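J.: The structure follows.
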Amino acid sequence: MMEEPVISAKRLSKRYYLDTIKKSNARLRILDLLRLPYDILQGDLPQFRNRGNRVIWALKDVSFDLQRGERLGVIGRNGAGKTTLLKILSRLIYPTEGEAVIRGRTTALFGVGTGFKPKLTGRENILYSAALHGMTKREIRDRMDEIIEFSGIERFIDMPIHHYSKGMYARLAFSVAAHLDSEILLLDEVLAGGDIGFQKKCLARMEGLAGAGRTILFVSHNMNAVIGLCNRCIWIEEGQIVEEGPPRNVVQAYAKRMLKLQASFVVSASNPHESVQEPAPQPVTRSPAPHDDAPVDRAPCGAELIRIELLDQYGQTKELFIRDEPIRVRVEYRVLRDDIPILPVLHLHREGVHVLTTHPLEVKPEPKGSVFQSQVEIPSRLLNTGEYDFSIALVTPVRPKWRHVFLENVLSIKVVPENDPERIFSGDYRGCVRPDLDWVSKRLRN
């Protein structure tokens, strides 16, 4: 007799009304008020609008079964319905139609640090989270050292976590989830906040859990991770499953669709009668600014990222920096095609605001198989206090540009105030940058 599936989703659908969403969003309410005079002139009064036109189906008729020990990858664009699916399976929201049957103890992890208490220390949050999942004090004590060691943030474990960077949040959150006695793990973008080394560590841990009979549902934009970890995959588009099967096949179909959309956008933006051509290899001595025109993703890639890490002035990896410390970013990559120039481009963001973009000023074609290491230093006292995210791209900076690799928010840091007893201004400074500039003052009159 065949064993019952541990997760059984039958025609899951989730409906939202746009008016309901707008009522909870001040910006959308203001926009509605601003366009009200225009709507009245057009005879489109709010009370007479067709309610059916304001329906949004975040999920529509999603069905699948997941057996014990299976690893299901869920891919798709932002807004496709992936997180909605996980929220239904974790009982955070209920479906409008259909049903989901879960057989087993479940742990859900959404993003970084979900459910943590900011004023508690890392150690206290481990105790708090484990207790919420039904672990006894003895079980928690027995696993405490293992959880802390896996997270790699031993030095900061007794610090309140509101001082943590996003990467440190991600490390602690996954470490706790991976050491609980759960039979089912629902993971939504859990690799987004950690560095590449920790991501590999997480994937190895998930493979071990799956080998021990745990069931994993893994939502991610990291296609390599989906292929490496999962034995099944579904692609969700506009709330519906458009393809299901072996991860490599589904990921390839998804990638082809995304490249086709990008290529059609580039063609229509320039000349609808032109086709997108692969750039002819040519030497470059001075790299053009990367914002001249948007790079187009290229498949197969001409480069691969091996490693990216954050270092202090002594070469030690870290994520928490004092403002008077320099921040070094080291990138290691490999060239996969002959005679094309590869340029590493680093973007820095803070709360969605672009702070800066930097890249080497000179680049030249290199033979296939060449491995390079590039390092850039952000000087001390340049950034303001706060949290920052790094994104990395490997591009060929000739027209049309090709983007071989792009990892968004792959690293994160937290910059904290320096201990300066001579500091004149004791308040908070606005803005993302706060350089110490030279001022010259002189007395004009007594």
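J.: Could you list, in sequence order, all residues of region 129-156 that are hydroxyl-bearing (Ser, Thr, Tyr) and in contact (Cβ under 8 Å) with a residue 12 or more places away in the chain?
T.: Let us first name the residues in region 129-156 that are hydroxyl-bearing (Ser, Thr, Tyr), namely 129, 136, 151.
Result: 129, 151.
J.: Continuing with this model, one more query. Take the conditions among the β-branched types (Val, Ile, Thr) and within 22 Å of residue 317 (Cβ to Cβ) and apply them to residue 358. Does it pass?
T.: On the way: among the β-branched types (Val, Ile, Thr): yes; within 22 Å of residue 317 (Cβ to Cβ): yes.
Yes.
J.: Hey, among 72, 59, which residue is in contact with a helix residue (DSSP H, G or I) (Cβ under 7 Å, 6 or more places away or on another chain), buried (at least 16 other Cβ atoms within 10 Å of the Cβ) and at pLDDT 90 or above?
T.: Checking each option against the conditions leaves just 59.
J.: For residue 124, state whether it is surrounded by fewer than 19 Cβ atoms within 10 Å (Cβ to Cβ), assigned by TED's automatic domain parsing to the domain that holds residue 229 and touching a Lys or Arg at 6+ places or on another chain (Cβ under 9 Å). Write out each step before concluding.
T.: Working: surrounded by fewer than 19 Cβ atoms within 10 Å (Cβ to Cβ): yes; assigned by TED's automatic domain parsing to the domain that holds residue 229: no; touching a Lys or Arg at 6+ places or on another chain (Cβ under 9 Å): yes.
Considered against the rule, which asks whether it is surrounded by fewer than 19 Cβ atoms within 10 Å (Cβ to Cβ), assigned by TED's automatic domain parsing to the domain that holds residue 229 and touching a Lys or Arg at 6+ places or on another chain (Cβ under 9 Å), residue 124 comes out as no.
J.: Follow-up. For a quick check of your reading: which strands (runs of 3 or more DSSP E) sit entirely within region 69-187 and have at least 1 residues that are over 29 Å from residue 317 (Cα atoms), over 23 Å from the mean Cα position of the chain (by Cα) and not polar (S, T, N, Q)? Give the derivation first.
T.: On the way: elements: 71-75, 97-102, 106-110.
In region 69-187, 97-102 are the strands (runs of 3 or more DSSP E) which contain 1 or more residues that are over 29 Å from residue 317 (Cα atoms), over 23 Å from the mean Cα position of the chain (by Cα) and not polar (S, T, N, Q).
Residue-wise test of (1) modelled with pLDDT of 80 or more; (2) within 30 Å of residue 141 (Cα to Cα); (3) out of contact with any helix residue (DSSP H, G or I) (no Cβ under 8 Å at 6 or more places or on another chain).
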position: 183; (1), (2), (3): yes, yes, yes
position: 186; (1), (2), (3): yes, yes, no
position: 200; (1), (2), (3): no, yes, yes
position: 208; (1), (2), (3): yes, yes, yes
position: 218; (1), (2), (3): yes, yes, no
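J.: Just the residues that are part of a strand (DSSP E or B) and closer than 10 Å to residue 203 by Cβ, please, taken from region 215-232. Before you say what the answer is, go through the steps one by one.
T.: At the first step, the residues of region 215-232 found to be part of a strand (DSSP E or B) are 215-219, 232.
The answer is 218, and nothing else.
J.: So residue 353 ticks every box in (1) β-branched (Val, Ile, Thr); (2) surrounded by fewer than 17 Cβ atoms within 10 Å (Cβ to Cβ); (3) under 24 Å from residue 316 (Cα atoms) but one. Which box is left unticked?
T.: (3)
J.: Check off (1) surrounded by 15 or more Cβ atoms within 10 Å (Cβ to Cβ); (2) touching a strand residue (DSSP E or B) at 6+ places or on another chain (Cβ under 7 Å) for residue 169 and give me the number that stays unchecked.
T.: With (1) surrounded by 15 or more Cβ atoms within 10 Å (Cβ to Cβ); (2) touching a strand residue (DSSP E or B) at 6+ places or on another chain (Cβ under 7 Å) applied to residue 169, the lone miss is (2).
J.: Now for a different question. Please give the strands (runs of 3 or more DSSP E) falling wholly within region 329-398 in which 3 or more residues are within 17 Å of residue 306 (Cα to Cα).
T.: Details: elements: 343-350, 353-358, 371-378, 386-396.
Filter on region 329-398 gives 343-350, 371-378, 386-396.
J.: Of (1) at pLDDT 90 or above; (2) part of a helix (DSSP H, G or I), residue 235 satisfies all except one. Which?
T.: Among (1) at pLDDT 90 or above; (2) part of a helix (DSSP H, G or I), residue 235 violates only (2).
J.: Moving to a separate point now. Hey, among 232, 257, 171, which residue is of a type outside the set (A, V, I, L, M) and within 30 Å of residue 121 (Cβ to Cβ)? Don't jump to the end; show me each part of the working.
T.: On the way: 232 fails: within 30 Å of residue 121 (Cβ to Cβ); 257 fails: within 30 Å of residue 121 (Cβ to Cβ).
Just a single option satisfies the conditions, and that option is 171.
J.: Which numbered condition in (1) within 17 Å of residue 160 (Cβ to Cβ); (2) surrounded by fewer than 14 Cβ atoms within 10 Å (Cβ to Cβ) is the only one that residue 134 fails?
T.: So residue 134 meets the others, but not (1).
The values are calculated or read from the model by the stated rules, or taken from the named source; none is laboratory data. Everything numeric in this text was worked out from a predicted model, so none of it was measured. FYI the Cβ positions are ideal-geometry reconstructions off the backbone, even for glycines, and counts take in every protein chain you see.
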